[in-house]
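*Asks:* Can you keep this structure in mind? I'll have questions shortly.
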Amino acid sequence: AQSVTQLGSHVSVSEGALVLLRCNYSSSVPPYLFWYVQYPNQGLQLLLKYTSAATLVKGINGFEAEFKKSETSFHLTKPSAHMSDAAEYFCAVSDGSGTYKYIFGTGTRLKVLA
Amino acid sequence: NAGVTQTPKFRILKIGQSMTLQCTQDMNHNYMYWYRQDPGMGLKLIYYSVGAGITDKGEVPNGYNVSRSTTEDFPLRLELAAPSQTSVYFCASSYVGGSDTQYFGPGTRLTVL
């Protein structure tokens, strides 16, 4: 069975500091991995996704994530936090085996301090 | 394109009442999904559909029903509302499953008292 673990339900960083949001997955087949962002009172929107091409994936708004099979991780990073990055971030996994379903992590709320 | 639209945005129900949450997408997507989001719990899949006339249960289907008579619409029905169904509900769609991006609606905030 697939699962996703996001370490840290709340993360605070100073404006201009590195953002690191952690995601570890479990999957018995090669996974597809996603990061979504949710701004207050809005739906989720895709930041980036890994679909077995390049292991370093670049997304919108300066975010990127690296797929590390040996560590079963897909951590999200951004070199310099901006106030507008304050939001909730969700990691998700899909195995594409025919179930066509995502499993979402419990989310990490990012706070950016001035 | 409007993308995925959901109505209503907010609703308060009394225990035992029924209601239908509407979801429409204009992207000609085959796959549609209903999730509920509870604080600290992430998103849980309620039902999904891989095409008109085809639906299947997700992780938390109890207390809900769905139908998919057209490609565009995927309504979610609550028959006998219970306080445990207080949540934010999101509809999503994708062209295919697996590696494809899911596009989300703005959500419906439901309170059952």
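*Asks:* Out of segment B:53-62, which residues are over 13 Å from the mean Cα position of the chain (by Cα) and closer than 16 Å to B:Thr20 by Cα?
*Replies:* Hit for segment B:53-62 is B:Asn62, nothing else.
*Asks:* Separate question: Identify, please: which residue in segment B:91-113 is buried (at least 18 other Cβ atoms within 10 Å of the Cβ) and more than 9 Å from chain A (Cβ to nearest Cβ) and is, among those, nearest to A:Ser52 (Cα to Cα)?
*Replies:* Filtering segment B:91-113 for residues that are buried (at least 18 other Cβ atoms within 10 Å of the Cβ) and more than 9 Å from chain A (Cβ to nearest Cβ), the one nearest to A:Ser52 (Cα to Cα) comes out as B:Ser93.
*Asks:* Spot the failing condition for B:Asp56; the list is (1) open to solvent by less than 30 Å² (accessible area, probe 1.4 Å); (2) modelled with pLDDT under 95; (3) in contact with a Phe, Trp or Tyr (Cβ under 7 Å, 6 or more places away or on another chain), and only one is missed.
*Replies:* In the conditions (1) open to solvent by less than 30 Å² (accessible area, probe 1.4 Å); (2) modelled with pLDDT under 95; (3) in contact with a Phe, Trp or Tyr (Cβ under 7 Å, 6 or more places away or on another chain), B:Asp56 misses (1) alone.
*Asks:* Tell me, please, whether a residue that is exposed (fewer than 14 other Cβ atoms within 10 Å of the Cβ), within 14 Å of chain B (Cβ to nearest Cβ) and not β-branched (Val, Ile, Thr) can be found in segment A:73-87.
*Replies:* No.
*Asks:* Just to be sure before I move on: is B:Ile46 out of contact with any strand residue (DSSP E or B) (no Cβ under 9 Å at 6 or more places or on another chain) and among the aliphatic types (A, V, I, L, M) in the structure I sent?
*Replies:* Details: out of contact with any strand residue (DSSP E or B) (no Cβ under 9 Å at 6 or more places or on another chain): no; among the aliphatic types (A, V, I, L, M): yes.
The answer is no for B:Ile46.
*Asks:* Mind counting the residues in segment B:1-32 that are of a type in the set (Ser, Thr, Tyr), over 17 Å from B:Ala81 (Cα atoms) and modelled with pLDDT of 95 or more? Give the derivation first.
*Replies:* Looking only at segment B:1-32, we keep the residues that are of a type in the set (Ser, Thr, Tyr), and these are B:5, B:7, B:18, B:20, B:24, B:31.
Retained after the next criterion (residues that are over 17 Å from B:Ala81 (Cα atoms)): B:5, B:7, B:24, B:31.
Cutting the leftovers down to modelled with pLDDT of 95 or more gives us B:5, B:7, B:24.
Summing the residues that are of a type in the set (Ser, Thr, Tyr), over 17 Å from B:Ala81 (Cα atoms) and modelled with pLDDT of 95 or more in segment B:1-32 gives 3.
*Asks:* While we're on this one: Filter segment B:68-85 down to the residues that are part of a loop (DSSP other than H, G, I, E, B) and either out of contact with any strand residue (DSSP E or B) (no Cβ under 6 Å at 6 or more places or on another chain) or open to solvent by less than 60 Å² (accessible area, probe 1.4 Å) (or both) and list them by number. Spell out how you get there, then give the answer.
*Replies:* Our first condition is that a residue be part of a loop (DSSP other than H, G, I, E, B); within segment B:68-85, this holds for B:68-72, B:74-75, B:79-82.
Passing the criteria: B:Arg68, B:Ser69, B:Thr70, B:Thr71, B:Phe74, B:Pro75, B:Glu79, B:Leu80, B:Ala81, B:Ala82.
*Asks:* In segment A:26-48, is there at least one residue being touching a His at 6+ places or on another chain (Cβ under 9 Å), closer than 28 Å to B:Asp56 by Cα and open to solvent by 30 Å² or more (accessible area, probe 1.4 Å)? Explain how you work it out, then say what you get.
*Replies:* Here is the first cut: in segment A:26-48, the ones touching a His at 6+ places or on another chain (Cβ under 9 Å) are none.
Checked against the condition, which is being touching a His at 6+ places or on another chain (Cβ under 9 Å), closer than 28 Å to B:Asp56 by Cα and open to solvent by 30 Å² or more (accessible area, probe 1.4 Å), segment A:26-48 yields no hits at all.
*Asks:* Related question: Of the conditions (1) within 18 Å of B:Pro8 (Cβ to Cβ); (2) part of a strand (DSSP E or B); (3) open to solvent by less than 10 Å² (accessible area, probe 1.4 Å); (4) more than 8 Å from every other protein chain (Cβ to nearest Cβ), B:Val88 clears all except one; give me its number.
*Replies:* (3)
The values are calculated or read from the model by the stated rules, or taken from the named source; none is laboratory data. What you are looking at is a predicted structure, and each value in this text was computed from that prediction instead of being measured. Ideal geometry is used to build each Cβ from the backbone, glycine not excepted, and the neighbour counts take in all protein chains shown. Ligands, DNA and RNA are stripped out before the accessible areas are found, and what is left, the full protein with its side chains, is counted by its heavy atoms. Shrake-Rupley method; radii C 1.70, N 1.55, O 1.52, S 1.80 Å.
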